[in-house]
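What follows is a short report on a single structure.
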Amino acid sequence: MAVTAGSKVLNNVEAVRETLYEAMKNDDRTVILGEDVGARGNVFLITKDFINEFGPERVIDTPIAEASIVGIAIGMAMEGLRPIAEIQFADFIYPAFNQIVGEAAKTRYRSNGEYTCPLVIRTPYGGGVRGALSHSVSIEALFYHVPGLKIVAPAFPADVKGLLNAAIDDPDPVLFLEHKKTYRLIKGEVPEGHYTIPLGKANVLKEGKQLTVVSYGLYVHWALEAAKKLEDEGMSVEVIDLRSIRPMDKTAILNSVEKTRKLLIIHEDNKFGGIGAEISAMVAEEALFSLDGPIRRLCAPDVPAMGYAEPLEHEYMSSPEKMADAMRELVRF
């Protein structure tokens, strides 16, 4: 792979590590706290050796107590630090729900702007790793309803770095979701040095004329694969990577739908009450008469969790083949 000057090839987990390291190096206010982030260096080795360079006061091993991790980080943020709180797996975030929703997201509003909460909550999410009930969950829809909270789910290493930098710089809380299956699977060029990608800006990865596909995270890669397969069959599909789930780039979606006149939303979280439902409602309200077909969603079934058995995991998750079938059906509608 030819590498552009001023950049290097990283996978997603390396992009997370580099961004965190540079943030710690460049700003003494930045602290990292979470389970096993210190001596062990995180279960994915993201913070390996950080404690040796930055010390235990800035790389803080916490008890297994997610409510305390986020609660303490909120206090740090309100007192001028830049905490990055890690929830070891998204499946464990539920005890911290009140701290995130009832405290962090409301800090600016309830203080009439006197206080802000510049907090990043990082967590790996998603399936495809045989993680079953306790290590496969997608949590975005649970937090999507909350004003005052931003949610980011990058798919590519360069986006990981640019969006994580933007999240760290943001004066308000950001939930930063990292799809664990993409950690070492996805590689790409990442610019060196500090740069940001604005939160709330989608990326049109592939232009097309007959169908708009909106996705994020791991499924973006599979959607691209499916769209390119359809291109070989003479069909033209546009693929949009949301990158930021909230705020959502309505303009990018509406502009695309007005061009293609059809919309398919693909995500790993459950279909009922998911991100796709909000996108569907928004397009129905603002671009109904641009549509030449029904809005379709390809999402997880309405079951409580992903099973461990491989056939159950495959049934729960989508695939490039399932996506290609859904795209064909809607193009031909």
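No lab work stands behind these numbers, since they all come straight from the coordinates. Predicted, not measured: the structure shown is a model, and the values here were computed from it. Counting neighbours? That spans all protein chains shown, and the Cβs are built from the backbone with ideal geometry, glycine included.
When both bridge partners sit in the chain, DSSP labels roughly 25% of those beta bridges antiparallel.
Among beta bridges identified by DSSP and lying wholly in region 7-191, the antiparallel ones come to about 20 percent.
Calculate the all-directions average of the projected area of region 195-333's alpha-carbon convex hull, and give it in nm².
With every direction weighted equally, the projected area is 8.9 nm².
Note on region 265-318: along the principal axes its Cα atoms extend 44, 18, 11 Å, ordered by decreasing extent. Relative to the dominant Cα principal axis of the chain, helix 250-260 is inclined by about 20°. Using the alpha-carbon positions of region 202-282, Rg (one decimal) and Dmax (whole number) come out as 11.8, 35 Å. Each of L133, F44, A166 was placed along the dipole of region 7-191 (beta-carbon charges, centred on the mean Cα), and the one lying farthest toward the positive end is L133. Within region 124-168, the trypsin sites (Lys or Arg not before Pro) that combine a DSSP coil assignment with at most 14 other C-beta atoms in a 10 angstrom radius are R130. Please report the antiparallel percentage of DSSP beta bridges with both residues in region 203-331, rounded to the nearest 5. Bridges in region 203-331 are about 20 percent antiparallel. Of the residues T196, Y144, V257, the one whose Cα sits farthest toward the positive end of the charge dipole of region 136-285, with +1 on the Cβ of Lys and Arg and -1 on the Cβ of Asp and Glu, is V257.
As an exercise, identify the chymotrypsin sites (Phe, Trp or Tyr not before Pro) in region 184-221 lying in DSSP coil whose Cβ has no more than 10 other Cβ atoms within 10 Å.
Numbers: sites: Y195, Y216, Y219; in loops: Y195, Y216.
Loop-located and lightly packed - none at all.
Using only side-chain charges placed at the Cβ, +1 for Lys and Arg and -1 for Asp and Glu, the dipole size of the chain relative to its Cα centre rounds to 460 debye.
Near R243, once Lys and Arg are set to +1 and Asp and Glu to -1 for all other residues with Cβ below 10 Å from its Cβ, the sum equals -2. Under 5 Å between amide hydrogens, built in the peptide plane, is the criterion, and for I245 it picks out I151, V152, A153 among residues at least 5 positions away or on other chains. Taken about its Cα centre, region 7-191 carries a charge dipole of roughly 440 debye when the Cβ of each Lys and Arg holds +1 and the Cβ of each Asp and Glu holds -1. For region 232-310 versus region 70-95, the inter-centroid distance based on Cα atoms is 30 Å.
Kindly put T196, T260 in sequence by how many other C-beta atoms sit within 10 Å of each C-beta, fewest to most. Before the final figure, lay out the partial values.
Working: T196 15, T260 25.
If I rank by nearby Cβ atoms, fewest first, I get T196, T260.
Sort out the exposed loop GluC sites (Glu not before Pro) in the chain (DSSP loop, at most 14 other Cβ within 10 Å) and tell me the longest stretch that has none.
My reading of the result: 234-333 is the longest stretch.
Below 9 angstrom from the Cβ of I69, what's the summed charge of the other residues (Lys, Arg +1; Asp, Glu -1)? Walk me through the intermediate numbers first.
On the way: positive: none; negative: E35, E66, E86.
Surrounding charge for I69 is -3.
The Cα trace of the chain gives Rg and Dmax of 19.7, 60 Å, the first to one decimal, the second as a whole number. Express in % the proportion of alpha carbon pairs of region 7-191 at distances exceeding 24 Å. I get 32 percent for the Cα pairs in region 7-191 exceeding 24 Å.
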